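One structure is given below, encoded as structure tokens.
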Amino acid sequence: MFFSPFISKPDSVAQIMLKVLLAMLPGIALYVWYFGPAILVSITLASITALGTEALMLKLRHRPIMPFLKDNSALLTAWLLALSIPPLAPWWMIVVGTAFAIAIAKHLYGGLGNNLFNPAMVGYAVLIISFPMQMTQWIAPHGLGQVELGFFDQLEYIFFSRLPNSVSLDAVTMATPLDTLKTHLHLDQSVPQILGMPIFGQLGGHGSEMVAWGFLFGGLYLLAARIISWHIPVAYLVTLFFIAAIFHLADPHHYAAPLFHWYSGAAILGAFFILTDPVSSPTTNKGKLIYAAGAALLTYLIRVFGGFPDGVAFATLLMNICVPLIVLYTQPKVFGKKDQGLDKKNKVVKP
Amino acid sequence: MSKLYHFHGGIHPPSNKTQSTQRPIACAPLPSKLVIPFHQHVGNRAKPIVQIGDHVLKGQKIGQSEGQLSSAVHASTSGTVTAIDMQLVAHHSGLPDLCVTLIPDGKDEWITHNGVDYQQTSHSELRHLLRKAGVVGLGGAVFPSDLKTDARHQKITTLILNGAECEPYISCDDMLMRERALEIIRGAEIMRFMLDAAEVLIGIEDNKPEAIRAMQLAAASSGDKMKVIVVPTIYPGGGAKQLMRVLTGIEVAAGVRSTEKGVQCFNVATALTIYRAIQFGEPLLSRIVTVAGNVRQAQNFEALIGTPIDELVALCEALADTNGYIMGGPMMGMPLPGVHVPVVKATNCIIASSKKLFPPPPPAMPCIRCTRCVDVCPAELQPQDLFWFAQSKEFGRAQEFNLFDCIECGACSYVCPSHIPLVQFYRFAKSEIRVREHDKQLADQARERHEYREHRIEREKLERAERLAAKEKSAQPAVIESLTPQQQVELATLEASRAHIRELAKSEVEHTVESPGN
Amino acid sequence: MLNALLAMAAIAIVLGAVLGFAAIKFRTEGNPLVDKIDAILPQTQCGQCSYPGCKPYATAIAAGDADINRCPPGGEEGIQKLADLLGVEFKPFGGDTAAPKAKSVAFIEENTCIGCTLCIQACPVDAISGAAKQMHTIIAAECTGCELCVAPCPVDCIDMLVIEEKITNWKWKYPVYALAPVEAAGVAQ
């Protein structure tokens, strides 16, 4: 016998996750267009690893395997991680990062719904700390590298670290726009000067800014489909814009424009896909605003003053720690209890 | 048009109401037997005042209300009492409760009853009449109406008639308003008189245009104090608290009476029952019941209280794949433990269920904290946190997070993508907390009684010691000197005879003690 | 010199007042720990813990003389609460303590009762009414189900009746999932 309510909306965790995956497709398509098909290899590799690790962990934890494999959450972690690391990274890095994300950051915390940290960002953090060299070898965008690798060349490099004869690694890889900016600022160049380099595009990096547009488009779909609420992306992007604007206005030679910060690195991806992970973000609306604003602040600080090329991952992880506290202090007043203070005042006035 | 307010959340489930509004309300034929529970209302169970074999008349009281919070129960038709025993009733527990079984004699013979002119009757007399007639709220809460029409302690400014009827499938109030609007308005006038309310607001959801027209027409005769207000269709907009909020902007938290804020709310069907009870002296013997769901032709019936639901559903022909019955709507209703369960005062709807209509919920997944439940919760709670606390039995935390403000509307479970039986968890936590509070009270009582007993034993010991001491003191011949010589002689002879008796007794004892040895 | 003396005196007076105020305001009657423990105990006064009542057992726990797992009516939940209060590990019921039973009330077979008052004297919460040579009866609402009245009865007329589940005392059960993916659901049971 089951109890009321006897009807429910036809919806499921798997469908929500699937819609998020679909929303990433425009960004991924543009990624392939500008950086070659290597990213598809890493996404596939990460997906296989994630599903395998998930199944293994579920078996070890004596949980039913199929319902959880079909919930698409492991795939989402895999895709986010694959998109965060350089596409030409060797295959074992993807495997190690994904396996760590699923086994440690997700299942050791209790599996789906119980992880304190965003698993993909934990995987990213582990990789960037353990293999900083490989994590900065980004593929050069279409038209900018000295040599462009074909799909099979990319495959060969990913799996066997072999490049075609007479091609050096430097010829096919580049630092990211954010990294380039940071390096050249250290060389006492000014921001306008640096942004004139070919690696930069209209707003952010050449190519990568188009990928960001793709993710923005997908994010708007998520908003329209009510998969995510507006609070986190808006608070994140607006805060990032304001902080960047303040610094930029104070010293335009040393600090890049706000839109540059939006369209470079993982800011857009983070705002719509990473920070909005429901499990590791606050549940209250006010909490979401604080969380996203905090993440934006940390992102900016890490990008501009920190040692890592991008700040989104660490900002997410640091704000993840604060979530329980944020939620506790942003509990909204419930129905009928909003005017409790007022009520007392009224009683004094009324005889 | 007055300003409407908005409450947070809500959902739009498919309404499925039109199936049962195609035909007018039909009078259900007299069933073969009636099973009338003694406990159909909030509060204490009524006390049986008939015996097996008694012949009762229609409208005769068979259960006496007990205590302040209770209500009377009447025979719905004339006939013979054949049993007073435990029978399955509509309750979530599926446990039996005390019921009268009445075999109708077919004559439907009324007991003498007459109404009063309410304007010439005192408020307390009117309340007494409602209590005698067993009138309780028919919207689902079945709270005794005599207690709700008591305006001695608070000033009521607004009387709300609830005709919103937001739950899917249910259309009994809709049909009642279409067909008997005038009687409802008459009842509302009586209630307004009893509460001395300044205005009456009748809230009806905009998916019932016929009912709105009928009620507007009927209300027009009562002047501008009676207003029909069309409210947007949204579940649970028919919840008393939600409707109050929409019509007046006033929010009432758990544990607070709406009358403290000057608002009282009744269901439209209750208004009609009050009218019949006051105007004609008719007790609450029947009500409108929607029969819907997996049936050939859904319809509303006026059914006697006590009608077994299988006889009622038979009138609509349940389809072959029917696998059970639900009393109430699909959002808050309860599955019935059997097909012979009787219609009670709270029965607004019977839904025949089938696997196709209400498929069993898919396997539950863990909560991913997506907060869809937060978005729809009309009480503005954090359902995902309450679920977490209830699940881990952290009842104190659940209470801190306002568990008792949950109205169990089921909107959270409806939208949950993980299909967690959220409302079940809240019901479990609430009932567990109530039991604990009750146990705590009992323990405190036991502690008090135990301490009092210890104290009493101590005191008795002390008193005995004092008595002994006092006795010894009085045994001393301190007062002999003050007696007359004659008294002294009497005392001396008395003493002497006592000494003699003592001597005798002693020797006898010695004798008896020795005798076994001999 | 004078200023310094005055200042010292003023400080002394203020601090003295604060201390005095605190002594009155925060004064504790008796031993608060014993009362806190006593509040957790179910007050059946049954003596199954081998102490003559709940309060003496609470006192013994507070003094460190007794284990927290000696109260069967309190159940494992009671032990858990005591463990939480005292900051010690949960302990399952020991070997010499009786296992927890379903809650019950005493019932006197009134035809058999000879009116000896022995049960009245045994009842720790005065839940039996009656007098010498008069039939006795249990006030069910006050009975804690301690069973202390059962043994003294010379004619064995007292039964312990398990409290049945009725509509009035029924409670919602812990929801059971179709698939139990959440650990807490299984562990907490």
TODO: At a temperature of 37 °C and a viscosity of 0.692 mPa s, determine how fast region A:120-192 diffuses translationally according to Stokes-Einstein, using the Kirkwood radius over alpha-carbon pairs as Rh; express D in µm²/s, rounded to the nearest whole number.
DONE: 232 µm²/s
Open item on the list: In region A:1-24, what residues drop by 40 Å² or more of accessible area when the other protein chains are put back, versus the chain on its own? Use 1.4 Å, and skip ligands and nucleic acids.
Closed with: A:MET1, A:PHE2, A:PHE3, A:SER4, A:PRO5, A:PHE6, A:ILE7, A:SER8, A:LYS9, A:ASP11, A:VAL13, A:ILE16
- [ ] Take the Cα atoms of region A:11-174, find their three principal axes, and give me the spread along each one in whole Å, biggest first.
- [x] 52, 32, 23
Open item on the list: What number results when the radius of gyration of region A:157-241, computed over Cα atoms, is divided by 2.2 N^0.38 Å?
Closed with: 1.51
Open item on the list: How large is the Rg to Rh ratio of region C:32-86 when both quantities use alpha carbon positions and Rh follows Kirkwood?
Closed with: 0.89
TODO: Please express the shape of chain B as an equivalent ellipsoid: the semi-axes are the square roots of 5 times the eigenvalues of the C-alpha gyration tensor, given largest first in whole angstrom.
DONE: 61, 30, 27
TODO: Note down the magnitude of the dipole of region C:102-165 about its Cα centre, charges +1 on Lys and Arg C-beta and -1 on Asp and Glu C-beta and zero elsewhere, to the nearest 20 debye.
DONE: 240 debye
Open item on the list: Please compute, over every Cα-Cα pair in region A:258-347, the percentage with a separation greater than 16 angstrom.
Closed with: 58 percent
Open item on the list: Beyond 21 Å, how much of the Cα-Cα pair distribution for region B:13-139 remains, as a whole percent?
Closed with: 52 percent
TODO: Compute the Kirkwood hydrodynamic radius of chain A, taking the inverse of the mean of 1/r over all pairs of distinct Cα atoms, and give it in Å to one decimal.
DONE: 21.6 Å
Open item on the list: Need one value for B:412-420: mean number of C-beta atoms belonging to other chains within 10 Å of its residues' C-beta atoms.
Closed with: 6
TODO: Could I get the Rg over Rh figure for region B:18-327? Both from C-alpha atoms, Rh via Kirkwood, rounded to two places.
DONE: 0.95
Open item on the list: Before we go on, tell me the buried accessible area for the B/A pair, both chains summed, 1.4 Å probe, in Å² to the nearest 100.
Closed with: 3800 Å²
- [ ] List, largest first, the extents of the alpha carbons of region B:247-403 along their principal axes, each in whole Å.
- [x] 48, 46, 26
Task: Highest average packing first - B:253-266, A:163-176, A:229-242, Cβ atoms within 10 Å - done: A:229-242, B:253-266, A:163-176
Task: For region B:152-193, average projected area of the Cα convex hull in nm² - done: 3.9 nm²
Task: Hull-based mean projected area of region B:83-211, where the convex hull spans the alpha carbons, in square nanometres - done: 11.4 nm²
Task: Over 29 Å between alpha carbons, listed pairs A:LYS59/C:LYS171; B:LYS47/C:LYS101; B:LYS461/C:LYS133 - done: A:LYS59/C:LYS171; B:LYS47/C:LYS101
Task: region C:62-118 - Kirkwood radius from inverse mean 1/r over Cα pairs (Å) - done: 13.9 Å
Open item on the list: Once you compute Rg and the Kirkwood Rh from C-alpha atoms, what is the Rg to Rh ratio for region B:364-465?
Closed with: 1.36
Open item on the list: Sort B:381-392, B:70-81, B:348-359 by packing, meaning the average of other beta carbons within 10 Å per residue, with the highest value first.
Closed with: B:70-81, B:381-392, B:348-359
TODO: Against the globular-protein guess of 2.2 N^0.38 Å, express the Cα radius of gyration of region A:176-332 as a ratio, rounded to two decimals.
DONE: 1.04
TODO: Determine the share of chain A's accessible area contributed by carbon and sulfur atoms, expressed in whole percent, with a 1.4 angstrom probe.
DONE: 69 percent
- [ ] Just order B:394-402, A:105-113, B:156-164 by mean Cβ neighbour count inside 10 Å, highest at the front, would you?
- [x] B:156-164, A:105-113, B:394-402
Open item on the list: Within region B:364-465, what whole-number % of the accessible surface is contributed by carbon and sulfur, with the 1.4 Å probe and all protein chains included in the calculation?
Closed with: 52 percent
Open item on the list: Nearest 100 Å² is fine: what is the total accessible surface buried where chains B and C meet, probe 1.4 Å?
Closed with: 3200 Å²
Task: Radius, Kirkwood style, for region C:102-165 when every pair of distinct Cα atoms is counted (Å) - done: 11.5 Å
Task: region A:1-75-region B:64-121 distance, computed between alpha-carbon centres (Å) - done: 58 Å
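Semi-axes of region A:33-94's equivalent ellipsoid from the Cα gyration tensor, sqrt of 5 times each eigenvalue, largest first, rounded to whole Å?
Numbers: eigenvalues 134, 25, 11 Å².
Result for region A:33-94: semi-axes of 26, 11, 7 Å.
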TODO: Have a look at the DSSP beta bridges in chain B and tell me what percent are antiparallel, nearest 5.
DONE: 60 percent
Task: Within 10 Å of each Cβ in B:366-379, the average number of Cβ atoms from other chains - done: 6
Open item on the list: Considering all projection directions equally, how large on average is the shadow of the alpha-carbon convex hull of the protein assembly as shown, in square nanometres?
Closed with: 74.7 nm²
- [ ] For region B:171-250, report the convex hull volume of the alpha-carbon atoms normalised per residue, in Å³, without decimals.
- [x] 93 Å³
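If you roll a 1.4 angstrom probe over the protein chains with everything in place, what fraction of the accessible area of chain C belongs to carbon and sulfur, to the nearest %? Walk me through the numbers before you get to the answer.
Numbers: 6860 of 11220 Å².
The computed percentage sits at 61.
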TODO: Could you do me a favour and compute the accessible area per residue for the protein assembly as shown, 1.4 Å probe, result in Å²?
DONE: 47 Å²
Open item on the list: Residue by residue through B:440-453, how many Cβ atoms from other chains fall within 10 Å of the Cβ on average?
Closed with: 6
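The values are calculated or read from the model by the stated rules, or taken from the named source; none is laboratory data. On a predicted model such as this, the values are computed, not experimentally measured, just so you know. As a convention, Cβ positions derive from the backbone with ideal geometry for all residues, glycine included, and neighbour counts pool all protein chains shown. To get the accessible areas, we keep the full protein, side chains included, count just its heavy atoms, and leave off ligands, DNA and RNA. Shrake-Rupley method; radii C 1.70, N 1.55, O 1.52, S 1.80 Å.
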